Amino acid sequence: ERAIVGTKYKQESRDTAIAKALEYIAEKTDHYLDELHKLVPSQEICIYCWRGGFRSEGMGHLFQTAGKKIYRLVGGYKAYRNYVLDSFNTEYKLIVIGGMTGSGKTEILGEIGKTNKQMLDLEGIANHKGSAFGALGQADQPTTQQFENDLATQLTKFDPQKNIWLEDESRMIGRVKIPDDLFSQIRTATVIKVEVSKKNRISRLIKDYANFDKEDLINSITNISRRLGGLNTKLAIEAIEAEDYYIATDIILDYYDKTYTYGLEKREGQTVISLKLESNNAEINAEKVIEFVKRN
């Protein structure tokens, strides 16, 4: 239908294209109106098609007759996607919070966000905490395209001339990919690496994950078994089965700590500043991080 209407627009005229679009709509009017009332109980609705053309215009006329107030996306979804991708080219002032797994980076960022500072929660938008265990307790992940849309929506709320706080992430967060242009900026921004004792990190991770089903934890360990190694995988699974979460977490952290340290050392041209945190209190740690950035 889109191809036929588009051809009429190019080869005949705008009016004949609109007439054809309305003809298609007329054949399904009852169905469209039934679905409209099911899906959109409110009086206002924004509609779009691929290019913001005659299909959405025709449907807009129909929905107006049904009493809806219509907004139409100018240029359609194609223009919107260009707008989304262009947003990642904006130069942002990023402050990246880094640190080893279990350092409480997400909690610190959450507290920073409560101080009315610009905070970008990449893991929240991705519905994933980044590690092999990151999907536990989370809703289904969006597609990468929807992740980009949601990310752009958040970024456009920010003032690019002011600091934006976010967590250090790999290019992939679960199954979704951070846009290349934004990821390049993350990789060149200054990293505030929070340093927390391994004991405190293990305690935090046990608190966050020990309540999950053992089978889910074991499956997550199995997913990184090649990187953990056969013996460590076996020992970690045995510890989970015995509910010895301290030992299991200690084994797994050895792998994640080495991976993070290696990755940080491989980055070129990126300033990394360490900040030691003694407290397990996210609010106190957030205040220390904010003050540390002010001084540096």
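FYI, it's all coordinate maths here, none of it is from the lab. Computed from a predicted structure; not experimentally measured. Heads up, the Cβs are rebuilt from the backbone with ideal geometry, glycines too, and the neighbour counts pull from every protein chain shown.
As a proxy for reagent exposure, Tyr255, Tyr246, Tyr209 were ordered by neighbouring Cβ count within 10 angstrom, fewest first; the result is Tyr246, Tyr255, Tyr209. Charge dipole (Cα centre; +1 on Lys/Arg Cβ, -1 on Asp/Glu Cβ; no other charges) of the chain amounts to roughly 860 debye. Annotation note: trypsin sites (Lys or Arg not before Pro) in segment 219-296 located in DSSP loop regions with a Cβ neighbour count of at most 15 within 10 Å are Arg267. Evaluating 6.51 cos²θ - 1.76 cosθ + 1.60 at θ = phi - 60° for every residue in segment 172-189, the Karplus couplings come out as 9, 10, x, 9, 9, 10, 5, x, 4, 5, 6, 4, 4, 5, 4, 6, 10, 6 Hz, glycine and proline recorded as x. With loop membership from DSSP and a limit of 15 other Cβ atoms within 10 Å, the longest segment of the chain without GluC sites (Glu not before Pro) is 92-242.
Shown for segment 2-84 is the translational diffusion coefficient from the Stokes-Einstein equation, using the Kirkwood radius over Cα pairs, a temperature of 20 °C and a viscosity of 1.002 mPa s: 161 µm²/s. Annotation note: trypsin sites (Lys or Arg not before Pro) in segment 131-179 located in DSSP loop regions with a Cβ neighbour count of at most 13 within 10 Å are Lys157, Lys162, Arg171.
Cross-link partners for Lys114 among the aspartates and glutamates, with Cα-Cα distance under 13 Å and sequence neighbours closer than 8 places in the same chain left out: Glu283, Glu287.
In terms of its C-alpha gyration tensor, segment 47-139 comes out prolate, because a/c is 1.5 or above and the ratio a/b outweighs b/c.
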